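Inspection log for the structure reproduced underneath, given as structure tokens.
The values are calculated or read from the model by the stated rules, or taken from the named source; none is laboratory data. Since this is a predicted model, take the numbers as computed values, not measurements.
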Amino acid sequence: MGEDYSICMDRMRRKRHRAVYDLTGFISKSEAHNVVTKASILIQKVKNRINP
């Protein structure tokens, strides 16, 4: 289904963790937009696999 999605989501999870708990991480607006877009695509792919 795309290893690049899981890598991207894991990277953003780690950034979010740093931003929330360490207060040193910074996630730009464009990074946030890109990860939401990728997450939406991933969700649609999962839905298509569940209900072909």
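Worth pointing out:
- Candidates are the residues of the stretch 27-52 that are in a loop (DSSP other than H, G, I, E, B) and within 15 Å of the chain's Cα centre (by Cα); the one that is modelled with the lowest pLDDT is Ile27.
- Scanning the stretch 5-26 for residues that are modelled with pLDDT of 80 or more and acidic (Asp, Glu) yields a single hit, Asp10.
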